[in-house]
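Engineer: Have a look at this one before I ask anything.
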Amino acid sequence: MSKNYTGYTSPLSQRYASKEMQYIFSQEKKFRTWRKLWIALAETEKELGLNITEDQIEELKRYADDVNYEVAEEREKVVRHDVMSHVYAYGVQCPKAKGIIHLGATSCYVGDNTDIILMTEALKLVRKKLLNVIAELAAFADRYKDLPTLAFTHFQPAQPTTVGKRATLWINELMLDLEDLNYVLSTMKLLGCKGTTGTQASFKELFEGNEEKIRLIDPMIAEKMGFDSCVPVSGQTYSRKVDTRVLNVLAGIAQSAHKFSNDIRLLQHLKEVEEPFEKTQIGSSAMAYKRNPMRCERMASLADYVMCDVMNPMIVASTQWFERTLDDSANKRISVPEGFLAVDGILQLYMNVVDGLVVYPKVIEKRLMAELPFMATENIMMDAVKAGGDRQELHEKIRELSMEAGRHVKAEGRDNDLLELIAADPAFNLNLSDLQKTMDPMRYVGRSPEQVTEYLAETVRPVLEQYKEELGAKAEISI
């Protein structure tokens, strides 16, 4: 059997998340990062004067990526401690450096710093995919900025907009998410090496009370690991509110994606816009003609999960005791990676859907034209006033005729005949030809095309230009 069919496997890795995101939260990435952190600590301690040799550092670097998993796993069965098992395994490979690995540190030195590093990398990958979705939507908005469509409030026909203008609403929410993501990224700080209760007591001993050297430990480690700084104060762990802030960003993206997926599903029901549908794709096991919006439904489903998942770090952060408890660990191992994997899957789907959106202008036009006479009544009334009519009298008449036309449509299944009813009423002094001239949809979309052009030029494209090296990604979905 090529697959494991006898045990649980997560759909996030089997069906939804990309290999890139899965690697960030893989065991290999975690344990290699632990070793990089141990090297950074040893280098820092050597540079600050502890008795650590260059040979020991070189030995640690030689095996930085060559993790002897079997040794660590066997050791963990004995000591029941994952960090100390990996310290032991690293020492087996590095006999010269064995005595200085993890010197002065606690488990959270590797555990918490690695969590921050992985979340930071994962946020950058999310940003890349978010930018590519924005770029795809921007191209779509520009392409359809002049295509009038019926707009809805309360899912009831309202003043027309354009297909492109509607797309800018989706973009705008993602731009808000991008702002939030960039802010949280800018605040990500390592824990550093602060000891059992965050007091750096072990380093006071190691450096014989040399405050100047102790104060340099965290900034030196941060620089070696590619960060600007470490948190200024902590208990044994970094504040679990950091996880909440990160998951809030992911939940925000999920909200935006869910809104988009809802709109596309409704538009697909109206047969105006459809998500991609492949030649051999089956929409229903019973109804062969169906084209279900499966991708958008999956986006919505994953988004529900992420929006619920954000409760996990909130509860964890609020129930930590004093300098730390361990009731965060099992939850964090699940909730944080799965939040990222799910959002990665959402953005993969979002890219895929926007890249293949199918627009049906004739259907859009037909629905719009069926409703446009109602929306043109203000203009018609103004034309009738110019032709000598009384505004108040005409307002009442057009209200009555609109109700009659609405009854014809809803109760009798007829086409909208409001223009014919107005033309037949001498109070308006307008013929059908005059009235039909008011039926140009572009007269009713306001500044929609201009708004699209301005929004893309002034707000969206400067951001895309800033991150142009991140653009050009395409997304394939697994199943």
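Engineer: Looking at Asp142, Asp115, can you tell me which residue is at pLDDT 95 or above and within 28 Å of Glu223 (Cβ to Cβ)?
Structural biologist: So the residue among Asp142, Asp115 that is at pLDDT 95 or above and within 28 Å of Glu223 (Cβ to Cβ) is Asp115.
Engineer: Ok, one more. Would you please name the residue that is surrounded by the most Cβ atoms within 10 Å (Cβ to Cβ), looking only at residues in the stretch 7-32 that are part of a loop (DSSP other than H, G, I, E, B) and in contact (Cβ under 8 Å) with a residue 40 or more places away in the chain?
Structural biologist: The selected residue is Ala17.
Engineer: Just wondering, is there one or more residues in the stretch 390-401 that are basic (Lys, Arg) and buried (at least 17 other Cβ atoms within 10 Å of the Cβ)?
Structural biologist: Yes, some residue in the stretch 390-401 is basic (Lys, Arg) and buried (at least 17 other Cβ atoms within 10 Å of the Cβ).
Engineer: Of Val242, Val233, which residue is outside the structural domain of Glu45 (by TED's automatic domain parsing), in a helix (DSSP H, G or I) and closer than 20 Å to Asp328 by Cα?
Structural biologist: Every option except Val242 fails the conditions.
Residues are listed down the side, and each one gets a yes or a no for (1) more than 30 Å from Lys259 (Cα to Cα); (2) over 19 Å from the mean Cα position of the chain (by Cα):
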residue: Gln156; (1), (2): no, yes
residue: Leu169; (1), (2): no, no
residue: Thr187; (1), (2): no, no
residue: Lys194; (1), (2): yes, yes
residue: Gln200; (1), (2): yes, yes
residue: Leu206; (1), (2): yes, yes
residue: Glu211; (1), (2): yes, yes
residue: Arg215; (1), (2): yes, yes
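Engineer: Checking Ala423 against (1) surrounded by 12 or more Cβ atoms within 10 Å (Cβ to Cβ); (2) in contact (Cβ under 8 Å) with a residue 40 or more places away in the chain, only one condition comes out false. Which one?
Structural biologist: For Ala423, the exception is condition (2).
Engineer: Condition check: farther than 19 Å from Met369 by Cβ and not acidic (Asp, Glu). Does Arg443 satisfy that?
Structural biologist: Considered against the rule, which asks whether it is farther than 19 Å from Met369 by Cβ and not acidic (Asp, Glu), Arg443 comes out as no.
Engineer: So, in the stretch 45-85, how many residues would count as being not in a helix (DSSP H, G or I) and not basic (Lys, Arg)?
Structural biologist: Final tally of qualifying residues: 13.
Engineer: Continuing with this model, one more query. Have a look at Glu412, Glu404, Glu450 and point out the one that is surrounded by fewer than 16 Cβ atoms within 10 Å (Cβ to Cβ) and either closer than 30 Å to Thr168 by Cβ or among the basic types (Lys, Arg) (or both).
Structural biologist: Glu450
Engineer: I've got another one for you. For the condition within 18 Å of Val358 (Cβ to Cβ) and not polar (S, T, N, Q), what is the one hit in Phe152, Phe140?
Structural biologist: Within the list Phe152, Phe140, the selection yields Phe140.
Engineer: Please name all residue pairs, on different chains or six or more residues apart, with Cβ atoms under 6 Å, provided the first residue is in the stretch 387-403 and is farther than 9 Å from Thr377 by Cβ and the second residue is of a type outside the set (Lys, Arg) and not in a helix (DSSP H, G or I).
Structural biologist: Matching pairs, first to second residue: Ala387/Asn429; Lys397/Ala427.
Engineer: For the stretch 101-116, enumerate the residues that are within 13 Å of Arg35 (Cα to Cα) and in a helix (DSSP H, G or I).
Structural biologist: Hits for the stretch 101-116 are Ser107, Tyr109, Val110, Gly111, Asn113, Thr114.
Engineer: Another question about this same structure. Of the residues in the stretch 425-456, how many are hydrophobic (A, V, I, L, M, F, W, C) and assigned to a loop (DSSP other than H, G, I, E, B)?
Structural biologist: The qualifying residues number 4.
Engineer: Would you pick out the residues in the stretch 182-216 that are surrounded by fewer than 21 Cβ atoms within 10 Å (Cβ to Cβ), in contact (Cβ under 8 Å) with a residue 24 or more places away in the chain, in contact with a helix residue (DSSP H, G or I) (Cβ under 9 Å, 6 or more places away or on another chain) and in a helix (DSSP H, G or I)?
Structural biologist: Of everything in the stretch 182-216, those that are surrounded by fewer than 21 Cβ atoms within 10 Å (Cβ to Cβ), in contact (Cβ under 8 Å) with a residue 24 or more places away in the chain, in contact with a helix residue (DSSP H, G or I) (Cβ under 9 Å, 6 or more places away or on another chain) and in a helix (DSSP H, G or I) turn out to be Asn182, Val184, Leu185, Leu206, Lys213, Leu216.
Engineer: Within the stretch 330-344, how many residues are surrounded by 14 or more Cβ atoms within 10 Å (Cβ to Cβ) and out of contact with any Ser or Thr (no Cβ under 8 Å at 6 or more places or on another chain)?
Structural biologist: 9
Engineer: Name the residue that is nearest to the chain's Cα centre (by Cα), counting only residues in the stretch 83-101 that are over 13 Å from Asn68 (Cα atoms) and buried (at least 18 other Cβ atoms within 10 Å of the Cβ).
Structural biologist: Val83
Engineer: Please state which one of Gln320, Gln348 is within 30 Å of Thr244 (Cα to Cα) and part of a loop (DSSP other than H, G, I, E, B).
Structural biologist: Gln320
Engineer: Right, something else. Looking at the stretch 433-445 only, could you name the residues that are at pLDDT 90 or above and surrounded by fewer than 15 Cβ atoms within 10 Å (Cβ to Cβ)?
Structural biologist: If the condition is that a residue be at pLDDT 90 or above and surrounded by fewer than 15 Cβ atoms within 10 Å (Cβ to Cβ), then Asp440, Met442 are the ones that fit.
Engineer: Just checking, which of Val358, Val353, Val306, Val343 is touching a strand residue (DSSP E or B) at 6+ places or on another chain (Cβ under 7 Å), under 30 Å from Gly472 (Cβ atoms) and not hydroxyl-bearing (Ser, Thr, Tyr)?
Structural biologist: Just a single option satisfies the conditions, and that option is Val358.
Engineer: Can I ask one more? Please pick out the residue among Arg127, Arg35, Arg62, Arg80 that is surrounded by fewer than 17 Cβ atoms within 10 Å (Cβ to Cβ) and in contact (Cβ under 8 Å) with a residue 24 or more places away in the chain.
Structural biologist: Arg62
Engineer: Now for a different question. Just wondering, is there one or more residues in the stretch 457-468 that are over 30 Å from Leu12 (Cβ atoms) and in a loop (DSSP other than H, G, I, E, B)?
Structural biologist: Checked the stretch 457-468: no residue is over 30 Å from Leu12 (Cβ atoms) and in a loop (DSSP other than H, G, I, E, B).
Engineer: A further question on this structure: Can you name every residue in the stretch 156-177 that is at pLDDT 95 or above and either among the aliphatic types (A, V, I, L, M) or in a loop (DSSP other than H, G, I, E, B) (or both)?
Structural biologist: Passing the criteria: Val163, Ala167, Leu169, Ile171, Leu174, Met175, Leu176.
The values are calculated or read from the model by the stated rules, or taken from the named source; none is laboratory data. Because the structure is predicted, anything quoted here is derived from the model rather than measured. Reconstructed Cβ throughout: ideal geometry from the backbone, glycine too, with neighbour counts over all protein chains shown.
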